[in-house]
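For reference, the structure is listed below as structure tokens.
The values are calculated or read from the model by the stated rules, or taken from the named source; none is laboratory data. What you are looking at is a predicted structure, and each value in this text was computed from that prediction instead of being measured. Ligands, DNA and RNA are stripped out before the accessible areas are found, and what is left, the full protein with its side chains, is counted by its heavy atoms. Shrake-Rupley method; radii C 1.70, N 1.55, O 1.52, S 1.80 Å.
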Amino acid sequence: MQQAVVMNTGNDSQSASFRWQRAEFRLLTVFVLLLVGWSLVFGQSLWSMVVIWERSETFAHGFMIPLISLWLIWRLRHELVTVPLAPCWPAFVPLLGLSAIWLIALATGVQVAHQMAAVLILPMLVLLVLGWRLAWSLAFPLLYLVFCVPFGEELIPLLQQITAKITVFALQLTGIPVFLSGLFIEIPTGNFEVAVACSGIRYLIASFAIGTLYAYLTYQKISRRLLFVLASLLVPILANGIRAYLIVMIAHLSDMKYATGADHLIYGWFFFGLVMMLMFWVGNFWREDIATVRLSFAGTPSLQQKNTSLVMLSVGLLEVGLIIGAHRLQAEPALAPADKLVVQLPAWQVSEIKPAWEPDYQNADRASLVLLDRPDLLPIGLYVANYRFEKQGKELINQTNQLYNPDIWSPAETKTITQSIDSSDYRFNITELRSQAGTKRRVIHWYQLDQQHATDPVMVKLLQGWNKLRGGNQNSTLFALMLDYDDPAMADQQLHLFFRTSWSGLQKIVPAVN
């Protein structure tokens with residue numbers, strides 16, 4: 001009898017081992033199918049992130065994020081096979097919502113939006129097909145993939161201002177006379193500019209990604225995790241301001257011999273590394289260790305064949321629809337050959353000399369840069385860039401487009417004004433620029449989309465997306481004016497005169513580009 005019991009136990013053990021292996025294989029198979037389908041449908045969004053990782057040092061960490069996510073999943077590999085699996089049909093609603101956002105973002109050309117939607121769709125697919133228990137177990141590894149998305153550069157102007165104010169405040173505490181004009185800091189020893197590279201965006205993004213991972217691995221309480229993540233956002237901003245102050249002080253005390261060139265970037269990364277080490281050291285005092293990762297499920301997972309096949313079929317149909325929709329949105333319209341831009345404005349003469357101005361809107365279908373002359377008035381530069389249709393890398397609103405050379409000019413002020421022209425009010429964007437030599441330049445720009453006047457880039461994107469979705473005219477145009485001046489009041493009067501005498505002529509350029 002005892003021998004019989006031993007033999008049955010051995011058979012049961014082999015049978016259980018076989019069931020575990022089959023459960024692991026089925027789980028892995030379904031997960032791989034989800035990954036393959038997701039990568040095929042959203043491949044263009046995923047690849048666009050890789051392109052940014054390659055060209056930008058700010059987002060080079062993106063190559064590491066998928067590996068970290070896979071490692072986090074690998075830590076749970078033995079426990080995941082104990083999780084009961086069952087499709088979660090309510091997840092189909094947010095999945096449809098994210099899919100709609102992805103299509104709209106493609107239509108409007110908002111890259112960060114369709115990249116973010118593509119990444120968030122993956123955990124939603126896991127929730128739909130494999131169930132909420134497994135999705136909850138993998139929540140952090142899957143959501144950590146959000147750091148693959150290159151986001152945060154829109155914070156650069158704000159971070160520059162914060163850094164400038166912290167630096168000025170610290171200099172005042174030190175007793176050094178200081179004057180702040182926009183992003184320019186003037187002290188008796190010399191002048192400094194809080195450039196884009198000094199905004200601290202690289203430190204902030206790196207600290208956010210590393211700090212979030214550290215909080216997940218070190219703490220168990222949600223409150224402690226959130227507090228540390230908040231610290232990883234605030235500490236680098238404050239530290240970057242202190243770093244900028246120290247650079248100014250080093251330059252000041254060395255009579256501008258040190259910390260005025262590339263060496264201050266080296267100081268910056270060394271200082272950032274020191275700050276991160278200090279933050280982790282302090283955070284380690286409240287760590288909450290767990291010997292082994294455990295999930296509170298037992299038994300062999302059951303993956304019902306019928307339900308799984310039905311939900312996979314639904315996901316497949318959705319993916320086919322997304323592929324068709326994306327193809328239609330990105331199809332190039334059949335357009336007649338474009339005529340050359342013609343600039344003819346009453347009371348102004350187009351000079352044969354090109355303006356000393358370097359606006360660059362990449363891959364525009366047509367562009368014109370001219371210098372407008374009028375007796376007894378300062379010359380005005382006019383730049384017109386027209387896009388007859390848009391696709392990736394060929395967009396009216398794009399971070400690579402620029403109205404001035406950032407190596408020569410720095411923005412001192414940006415604002416939006418309202419100008420009354422022909423009994424109607426129009427809004428215009430104004431950027432006040434300063435060169436290192438002290439030259440003052442004013443750049444005014446606005447957009448026109450199928451006879452619609454706009455100044456807000458977000459509204460421009462929405463109008464473009466709406467026109468594309470309804471099959472309307474995709475034609476969009478940038479108008480920009482440039483004026484070098486000494487007296488701001490004189491510049492105001494001249495630009496007001498220009499609009500009053502030339503607005504109708506500017507409007508006639510638009511039909512020529514339709």
Check your understanding: Setting aside same-chain residues fewer than 8 positions from LYS221, which aspartates and glutamates have a Cα under 18 Å from its Cα?
Key -> GLU288, ASP289
Practice item. Specify the inter-centroid distance of the stretch 341-389 and the stretch 173-201, based on alpha-carbon positions, in whole Å. Key: 35
Exercise for review: Determine the distance separating the Cα centre of the stretch 430-481 from the Cα centre of the stretch 102-170; give it in Å without decimals.
Suggested key: 26
Revision key, fill the gap. Regression test value, accessible area per residue of the stretch 198-253, probe 1.4 Å, units Å², expected 42
Practice item. Roll a 1.4 Å probe over the protein heavy atoms and report the accessible area of TRP286 in Å², nearest 10. Key: 140
Revision key, fill the gap. The lysines whose Cα lies under 17 Å from the Cα of LYS415, excluding any fewer than 8 residues away in the same chain, are LYS440
Study note, to complete from the structure: Which residues qualify? For LEU85, with a placed amide H closer than 5 Å and at least 5 residues away or on another chain, they are SER302
Practice item. Quantify, in whole percent, the carbon and sulfur part of the accessible surface of the stretch 40-94 (1.4 Å probe; protein heavy atoms only). Key: 73
**Study point:** 3J(HN,Hα) from dihedral phi, the stretch 172-185, Karplus parametrisation 6.51/-1.76/1.60, rounded to Hz, x for glycine, proline
**Key:** 5, 5, 6, x, 8, x, 9, 10, 10, 10, x, 10, 9, 10
Exercise for review: Please list, or write none, the lysines whose alpha carbon is within less than 18 Å of the alpha carbon of LYS340, excluding same-chain residues fewer than 8 places away.
Suggested key: LYS354, LYS508
Review point. Largest first, how would TYR245, TYR203 line up by accessible area (1.4 Å probe)?
Key: TYR245, TYR203
Practice item. Heads up, I need the accessible area for MET482: 1.4 angstrom probe, whole protein in place, Å², nearest 10. Key: 10
